[in-house]
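Heads up: the structure comes next, in structure tokens.
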Amino acid sequence: MDFKHLYIKYCCPSDPLDSFTLQYKLRDNTVVPKWCERIVSAQAKYTIDDPGRFYGFDSLEKQIKDSIDRINKCIVIINKFEKIIDRELKDVNDQDTLNYLHHIFEIYHGLLDQQTHELWLRAPDTIRRALADLNILVHRCESVQHSAIPRHVVTYYGLPKDKTLDLKDYACFTDKITFGTVYLNYVEIGKTLEDLTIDNDQYISDDAFQPFSHYSADFNVKFWSNTDRQVESKRAIIKSYYDTNKKFFKDKKLSWGHVHLTSGSLPIADLIYSGNKKELLEELKTHQHVASVELI
């Protein structure tokens with residue numbers, strides 16, 4: 001599978017014929033061939049879960065309302081089956097409630113490949129999907145509160161998440177975000193050191209701390225860039241969080257610098273585009289639907 005490029009076709013949600021395709025050049029690193037194999041495996045059996053998982057392209061007001069409405073509707077669906085959630089979200093900046101809802105997801109959905117809770121086992125598919133969506137919607141709300149930076153996510157929910165990174169793959173991680181770069185998705189059920197730092201999560205259990213270890217076909221495309229100053233600032237905040245919680249990590253035999261504490265993302269492809277970035281963002285704003293993903 002000697003692929004060189006990734007092609008993503010974007011279309012207008014109300015008119016599939018209104019579409020355009022962007023080309024991305026695959027990177028030359030140890031992770032890309034593994035990801036390509038996962039994409040091929042996923043597409044042989046599954047379709048994209050939610051082709052409309054776009055963030056940061058609408059007005060902030062619309063995104064706030066949409067995020068709160070979606071998560072509260074999800075709560076209602078779950079509670080109609082069994083009332084396990086005693087809160088609703090009223091403010092997208094209410095991180096405590098978002099952490100609480102993420103903890104509900106962890107309890108009843110279970111960690112990766114550990115779906116053993118009795119409610120999960122007797123729940124119909126609609127409720128299982130709602131529990132999975134609760135996690136996605138928590139992260140949507142967090143994305144909105146963090147300025148709703150433009151990106152989109154492609155996932156294949158049914159594909160088993162049973163592949164793990166090799167130690168050498170961690171050298172591919174980067175804290176630098178580049179406009180139009182494709183990054184591997186975090187597919188663990190839990191939070192990394194970076195996530196714990198950002199969320200200041202008081203509900204997470206010991207087992208729900210999960211380093212970026214497993215990988216799948218899932219990916220995201222970021223249409224923004226960060227600065228070197230932002231990179232250094234985040235690294236300092238993460239180190240401070242680690243130092244404050246050093247015993248927790250030392251008990252897990254994770255000294256500072258261990259690969260399982262690595263921050264950042266795994267880049268797998270870069271946009272080939274010579275046009276105006278602002279015009280591209282406007283084009284994507286009206287084409288928030290992934291029609292196809294193709295490796296060539």
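The values are calculated or read from the model by the stated rules, or taken from the named source; none is laboratory data. These numbers come from a predicted model, not from an experiment. Heads up, the Cβs are rebuilt from the backbone with ideal geometry, glycines too, and the neighbour counts pull from every protein chain shown.
Summary table
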read-out: Single match in Ile272, Ile237, Ile296 (criterion: of a type in the set (Val, Ile, Thr) and either modelled with pLDDT under 95 or under 22 Å from the mean Cα position of the chain (by Cα) (or both)); value: Ile237
read-out: Selected residue (only one of Lys278, Lys252 is over 22 Å from the mean Cα position of the chain (by Cα) and over 29 Å from Ser14 (Cα atoms)); value: Lys252
read-out: Checking Thr178 against (1) surrounded by fewer than 20 Cβ atoms within 10 Å (Cβ to Cβ); (2) touching a Ser or Thr at 6+ places or on another chain (Cβ under 7 Å); (3) farther than 29 Å from Tyr10 by Cα, the condition it does not meet; value: (3)
read-out: Residue in region 126-139 that is more than 30 Å from His287 (Cβ to Cβ), in a loop (DSSP other than H, G, I, E, B) and not assigned by TED's automatic domain parsing to the domain that holds Leu281 present; value: no
read-out: Residue count, region 203-234 (criterion: loosely packed, with under 14 Cβ neighbours inside 10 Å, at pLDDT 95 or above and of a type in the set (Gly, Ala, Ser)); value: 1
read-out: Single residue of region 141-166 satisfying the filter (β-branched (Val, Ile, Thr) and surrounded by fewer than 18 Cβ atoms within 10 Å (Cβ to Cβ)) that is nearest to Leu284 (Cα to Cα); value: Ile149
read-out: Extreme residue, surrounded by the fewest Cβ atoms within 10 Å (Cβ to Cβ), among residues of region 12-41 that are touching a Cys at 6+ places or on another chain (Cβ under 9 Å) and farther than 14 Å from Thr164 by Cα; value: Leu17
read-out: Qualifying residue in region 48-67 (condition: β-branched (Val, Ile, Thr), within 26 Å of Val293 (Cα to Cα) and either at pLDDT 95 or above or not in a loop (DSSP other than H, G, I, E, B) (or both)); value: yes
read-out: Ile84 vs. criteria part of a helix (DSSP H, G or I), more than 24 Å from Leu280 (Cβ to Cβ) and of a type in the set (Val, Ile, Thr); value: no
read-out: Search result, residues across region 67-82 that are surrounded by 14 or more Cβ atoms within 10 Å (Cβ to Cβ) and either of a type in the set (A, V, I, L, M, F, W, C) or under 19 Å from the mean Cα position of the chain (by Cα) (or both); value: Ser67, Ile68, Arg70, Ile71, Cys74, Ile75, Ile77, Ile78, Phe81
read-out: Single condition Thr116 does not satisfy, out of (1) part of a loop (DSSP other than H, G, I, E, B); (2) in contact (Cβ under 8 Å) with a residue 60 or more places away in the chain; (3) of a type outside the set (D, E, K, R); (4) exposed (fewer than 14 other Cβ atoms within 10 Å of the Cβ); value: (2)
read-out: Some residue of region 257-278 being touching a Ser or Thr at 6+ places or on another chain (Cβ under 9 Å), on the phi > 0 side of the Ramachandran plot and surrounded by 14 or more Cβ atoms within 10 Å (Cβ to Cβ); value: yes
